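Since the structure comes first, as structure tokens, the remarks are kept for the end.
The values are calculated or read from the model by the stated rules, or taken from the named source; none is laboratory data. Note that the coordinates shown come from a computational prediction; the quantities given were computed from them, not determined experimentally. Cβ placement follows ideal geometry from the backbone for every residue including glycine, while neighbour counts extend to all protein chains displayed. The protein model used for the area step is the full one, side chains on, heavy atoms only, and it has no ligands, DNA or RNA in it. Shrake-Rupley method; radii C 1.70, N 1.55, O 1.52, S 1.80 Å.
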Amino acid sequence: MSGNSVQFDYRPNSTPVPVAEREALLASPGFGRVFTDHMAVINYTEGQGWHDARIEARAPIQVDPASAVLHYAQEVFEGMKAYQSGNGAVLFRPDANARRFNGSASRLSMPDLPEALFLESVRRLVDVDRAWVPSQPGGSLYLRPFMFANEVFLGVKPSAEYLYMVIASPVGSYFKGAGGPVSVWISQNDTRAAMGGTGAAKCGGNYAASLRAQAEAIRNGCDQTLFLDATERRWVEELGGMNIFFVFEDGSLSTPPLDGTILPGITRDSLITIARAQGMTVREEAYSIDQWKSDAASGRLRETFACGTAAVVAPIGRVASPEGSFTIGNPEVGGEVTMRLRAALVDIQLGNAPDPYGWVQRVF
Ligand code: PLP
Ligand code: COI
């Protein structure tokens with residue numbers, strides 16, 4: 001199957017969630033616990049390539065206990081959203097997700113999925129499950145394309161079989177609370193990624209490695225973990241599931257550079273573009289934890305925010321570690337630049353502002 005001749009078999013769910021139940025679920029979906037009626041599936045077999053593309057009823061799958069993914073974590077995924085826009089739904093930069101998916105796959109020795117197949121699988125699923133796209137403000141249909149090694153073999157080598165799937169989940173806000181600033185915990189012992197590792201790939205293993213630090217963050221009353229670089233434990237890298245930006249008193253922005261250890265966020269890239277178009281200076285440069293602390297104290301640093309598909313743009317109001325904590329700006333409300341950039345991004349995503357970059361793609 002090539003990307004140019006995308007044939008998806010459609011096998012409708014014969015027992016979809018009843019309308020009243022779906023409406024009740026959509027009223028308050030939270031994040032990642034409610035799922036739609038269908039999923040996209042494509043098989044890969046060495047020698048044959050991608051085959052048997054289909055949209056079918058979402059259901060548990062059978063995986064052999066010796067399936068490679070269960071032992072060696074050869075798995076990659078994406079996170080993207082469909083938004084209600086006008087009477088239909090749109091995707092935001094899905095081509096960027098398709099490219100990053102293949103970048104992640106390449107790092108984990110997995111096969112390339114033709115971009116047309118990735119895009120079509122996502123579009124078809126959103127189209128079939130269109131009744132699940134939330135219409136309330138702040139709601140969206142979170143899409144989770146993923147691929148895993150499925151060869152039944154315990155030898156350590158790239159698998160000869162893979163399963164690619166897309167599931168969809170109506171979501172509200174990622175963070176509990178009313179969208180006010182979140183707090184971050186600086187992991188002292190655990191790092192997320194080192195040079196030459198898998199930090200720039202969106203693979204499940206990175207998140208597994210982040211969980212102990214994330215649990216520590218929660219124990220210490222913080223929302224998210226912030227990781228420092230693995231070599232010097234000095235440079236701010238990113239959060240467990242978000243990139244980070246700093247806003248300075250002169251109106252400029254900075255964000256850590258894509259040096260191979262952090263995920264190249266599509267929200268990050270979009271915000272850099274939007275900020276520069278608004279006339280702001282944006283630097284991609286290393287920023288140390290000590291500098292951050294002293295800039296927050298002196299007032300040189302005005303705001304800090306996290307960004308990602310799930311989190312959108314979330315102001316960071318407090319930074320804590322075993323050595324103590326410091327606050328940024330007004331820890332109760334998001335800073336002005338943060339909220340302005342968030343609004344500019346969301347307005348493009350929802351079709352409330354012009355889309356000069358061609359980022360938004362209509363599904364129906
Ligand atoms: N960094 C990590 C580790 C993430 O998991 C995510 C979320 O996908 C991001 C950054 C932000 O990436 P994006 O803006 O493409 O969602
Ligand atoms: C996303 O933003 O899509 C992610 O994958 C991050 C995760 C914390 C949900």
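Exactly one of (1) within 16 Å of ligand 1 (Cβ to nearest atom); (2) modelled with pLDDT of 95 or more; (3) within 25 Å of C222 (Cβ to Cβ) is unmet by A310. Its number?
(2)
State which residue pairs qualify: first residue under 17 Å from I274 (Cα atoms) and polar (S, T, N, Q) and inside region 224-253, second residue in a loop (DSSP other than H, G, I, E, B) and more than 10 Å from ligand 1 (Cβ to nearest atom) in any location, beta carbons under 7 Å apart, and separation of 6 or more residues or different chains.
S252/M280; S252/T281
Return the residue satisfying two criteria in turn: it lies in region 102-127 and is over 18 Å from the mean Cα position of the chain (by Cα) and free of Cβ contacts under 8 Å to residues at least 60 places away in the same chain, and of such residues it is least open to solvent (accessible area, probe 1.4 Å).
Among those that are over 18 Å from the mean Cα position of the chain (by Cα) and free of Cβ contacts under 8 Å to residues at least 60 places away in the same chain, it is M110.
Could you list, in sequence order, all residues of region 330-345 that are buried (at least 17 other Cβ atoms within 10 Å of the Cβ) and among the β-branched types (V, I, T)?
V337, T338
Scan region 46-83 for residues that are over 24 Å from D95 (Cα atoms) and in contact with a His (Cβ under 7 Å, 6 or more places away or on another chain) and report the count.
Summing the residues that are over 24 Å from D95 (Cα atoms) and in contact with a His (Cβ under 7 Å, 6 or more places away or on another chain) in region 46-83 gives 2.
Residue by residue, here is whether (1) within 13 Å of ligand 2 (Cβ to nearest atom); (2) within 17 Å of A311 (Cβ to Cβ); (3) open to solvent by 30 Å² or more (accessible area, probe 1.4 Å) holds:
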residue: G180; (1), (2), (3): no, yes, yes
residue: T191; (1), (2), (3): no, no, yes
residue: M195; (1), (2), (3): no, no, yes
residue: I218; (1), (2), (3): no, yes, yes
residue: T231; (1), (2), (3): no, no, yes
residue: N243; (1), (2), (3): yes, yes, no
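Here is a list of conditions, (1) open to solvent by less than 40 Å² (accessible area, probe 1.4 Å); (2) within 16 Å of ligand 2 (Cβ to nearest atom); (3) in contact (Cβ under 8 Å) with a residue 60 or more places away in the chain, and D269 meets all of them except one; can you say which number that is?
Only one criterion is unmet by D269, namely (1).
Got at least one residue in region 6-28 being more than 25 Å from G204 (Cα to Cα), aromatic (F, W, Y) and open to solvent by less than 70 Å² (accessible area, probe 1.4 Å)?
Looking for residues that are more than 25 Å from G204 (Cα to Cα), aromatic (F, W, Y) and open to solvent by less than 70 Å² (accessible area, probe 1.4 Å), one finds at least one in region 6-28, hence yes.
Condition first: open to solvent by 30 Å² or more (accessible area, probe 1.4 Å) and in contact with a helix residue (DSSP H, G or I) (Cβ under 8 Å, 6 or more places away or on another chain). Now tell me which residues in region 197-216 satisfy that.
Passing the criteria: T198, A200.
Of all the residues that make up region 346-360, how many are touching a residue at least 60 places away in the same chain (Cβ under 8 Å) and either under 18 Å from P137 (Cβ atoms) or buried (at least 19 other Cβ atoms within 10 Å of the Cβ) (or both)?
6
Quick one: which strands (runs of 3 or more DSSP E) sit completely within region 44-116 and have at least 1 residues that are within 16 Å of ligand 1 (Cβ to nearest atom)?
Of the strands (runs of 3 or more DSSP E) lying wholly inside region 44-116, those with at least 1 residues that are within 16 Å of ligand 1 (Cβ to nearest atom) span 75-77, 80-85, 88-92.
Filter region 292-305 for residues that are free of Cβ contacts under 8 Å to residues at least 12 places away in the same chain and open to solvent by 80 Å² or more (accessible area, probe 1.4 Å) and give the result.
Matches in region 292-305: S298 only.
Looking only at residues that are assigned to a loop (DSSP other than H, G, I, E, B) and closer than 13 Å to E303 by Cβ in region 245-264, which one is nearest to ligand 2 (Cβ to nearest atom)?
Only one residue tops the list, namely S252.
Scan A297, A320, A275 and give me the residue that is under 29 Å from Q84 (Cβ atoms), at pLDDT 95 or above and more than 16 Å from ligand 2 (Cβ to nearest atom).
A275
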